Amino acid sequence: MNGLVPRVSTLQGLQRQLALAAAQRDPALAARLRNSEELQNLLAEAETLAGRPQRTVLRTVHHFACTGGTLISKCIAAMPCTRLLSEVDPLSGLTHKNSFLPADLIGLAKLGSSPPGQDTLLRIFRAGLAALAEDTRAEGRDLILRDHAHSHFCCGSKIPERPSLLQMLEGNYRLLSLVSVRHPLDSYLSLLRRKWVHWQPAGLEEYARRYLAFLDLYAGAELLRYEDFLAEPEMCMQQICSILDLAFNPGFQEDFSAVQLSGDSGRGDGVIAPRPRRPVPEDVKQEVRVSSSYAALCARLDYDPGPETA
């Protein structure tokens, strides 16, 4: 800490700074925050707004599988005073049939003797999330939900007609959202290698068509390219913190590898840096040449569609 009172724009932001100062055992800074003119102005504003329902801020992060989302999410979770939930989708059909789920009310309901409908599952999800959001805010922390978009867009013979994570939340929260993407050829190759092709018909054309549908549904969210993040992680992390209104941890590159999240199937060396593309099989090169949806997807995201692109 440099002794300066950090700039904040909301009571929740000031509460976060107070919690951070306490965590760093800096009582002098905490006292300055409590006595600052900025706090007095915010309290006066709060009094003015008394009686008006104020929506809680909630952050959401969205991406396809094998697009670098775990790395970005771990870096977000390394920011001060955050609480990140990984792979959130209460309507996912990927609940493991043989799982032991004593603490998962939605999972137990789905696997119970008389599974409830979608509306009931959403009420359970929203009620639990409201309790967690309230507790997180009271602690001076920021709650971030990492979407499991693969469940919604990349499973089965068609994209199901059901709400997206944002649609489940809109109206109840003030949402700050980020979509991260990666060159679709790289993510497709990774999905093939991991045998995570859960959509039918299998192939690049259908994958790209579903990717475009995902981008359409989340068109209002800010977008970040994984390749840009790897090239300039600190600048991009500051951009992410600005989008999601998070405090920035300049030491995140040393801290993120200690964060444990579900879905952590990617790089494990703790280094943020570009890597060479895996070899492209001949059959995939042929898919690249004939897929119109893949060409449209690359054009939309400003990627070179050629298989030999680094």
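The values are calculated or read from the model by the stated rules, or taken from the named source; none is laboratory data. On a predicted model such as this, the values are computed, not experimentally measured, just so you know. With ideal geometry, Cβ positions are generated from the backbone for all residues, glycine too; neighbour counts draw on all protein chains shown. Side chains are part of the model used for accessible areas, which takes the heavy atoms of the whole protein and leaves out ligands, DNA and RNA. Shrake-Rupley method; radii C 1.70, N 1.55, O 1.52, S 1.80 Å.
Could you look through region 202-216, keep only residues that are open to solvent by 70 Å² or more (accessible area, probe 1.4 Å) and touching a residue at least 12 places away in the same chain (Cβ under 8 Å), and pick out the one that is nearest to Leu166 (Cα to Cα)? Explain how you work it out, then say what you get.
So the first thing to find is which residues in region 202-216 are open to solvent by 70 Å² or more (accessible area, probe 1.4 Å), and the list is 202, 205, 209, 216.
Applying the additional criterion that residues be touching a residue at least 12 places away in the same chain (Cβ under 8 Å) yields 205, 209.
On the way: Glu205: 26, Arg209: 21 Å.
Result: Arg209.
Quick check: is even one residue across region 84-99 free of Cβ contacts under 8 Å to residues at least 12 places away in the same chain and touching a helix residue (DSSP H, G or I) at 6+ places or on another chain (Cβ under 6 Å)?
No, that holds for no residue.
Within region 108-117, can you find the residues that are in a helix (DSSP H, G or I) and either open to solvent by less than 80 Å² (accessible area, probe 1.4 Å) or aromatic (Phe, Trp, Tyr) (or both)? Talk me through it step by step, then tell me what you get.
Initial filter on region 108-117 (in a helix (DSSP H, G or I)): 108-111.
The answer is Ala109, Lys110, Leu111.
What number of residues within region 72-82 are closer than 18 Å to Glu222 by Cβ and open to solvent by 10 Å² or more (accessible area, probe 1.4 Å)? Explain how you work it out, then say what you get.
Initial filter on region 72-82 (closer than 18 Å to Glu222 by Cβ): 72-73, 75-76, 79, 82.
Filter once more, so that each one left must be open to solvent by 10 Å² or more (accessible area, probe 1.4 Å): 82.
Residues that pass the stated criteria total 1.
What are the pairs, 6+ residues apart or on separate chains, where a residue within region 100-129 that is without any contact (Cβ under 8 Å) to a residue 12 or more places away in the chain has its Cβ under 6 Å from a residue that is in a loop (DSSP other than H, G, I, E, B) and aliphatic (A, V, I, L, M)?
From residues that are without any contact (Cβ under 8 Å) to a residue 12 or more places away in the chain, the pairs are Leu108/Leu101.
Do we find a residue being over 15 Å from the mean Cα position of the chain (by Cα), closer than 30 Å to Tyr211 by Cβ and not in a helix (DSSP H, G or I) anywhere in region 59-80? Let's see the steps before the verdict.
First, the residues of region 59-80 that are over 15 Å from the mean Cα position of the chain (by Cα): 80.
Subset that is closer than 30 Å to Tyr211 by Cβ: none.
Within region 59-80 (the criterion being over 15 Å from the mean Cα position of the chain (by Cα), closer than 30 Å to Tyr211 by Cβ and not in a helix (DSSP H, G or I)), the answer is no, since none of the residues qualifies.
For region 223-261, give me each residue that is under 18 Å from Arg182 (Cα atoms), assigned to a helix (DSSP H, G or I) and open to solvent by less than 20 Å² (accessible area, probe 1.4 Å).
Of everything in region 223-261, those that are under 18 Å from Arg182 (Cα atoms), assigned to a helix (DSSP H, G or I) and open to solvent by less than 20 Å² (accessible area, probe 1.4 Å) turn out to be Tyr226, Phe229, Leu230, Pro233, Cys236, Met237, Ile240.
Check Gly220 against each of (1) small (Gly, Ala, Ser); (2) open to solvent by 80 Å² or more (accessible area, probe 1.4 Å); (3) in a helix (DSSP H, G or I) and name the one condition it does not meet.
Among (1) small (Gly, Ala, Ser); (2) open to solvent by 80 Å² or more (accessible area, probe 1.4 Å); (3) in a helix (DSSP H, G or I), the lone unmet condition for Gly220 is (3).
If I filter region 127-140 for residues that are in a loop (DSSP other than H, G, I, E, B) and at pLDDT below 95, do I get at least one hit? Steps first, answer last, please.
So the first thing to find is which residues in region 127-140 are in a loop (DSSP other than H, G, I, E, B), and the list is 139-140.
Among the residues that remain, those that are also at pLDDT below 95 are: 139-140.
Scanning region 127-140, I find at least one residue that is in a loop (DSSP other than H, G, I, E, B) and at pLDDT below 95, so the answer is yes.
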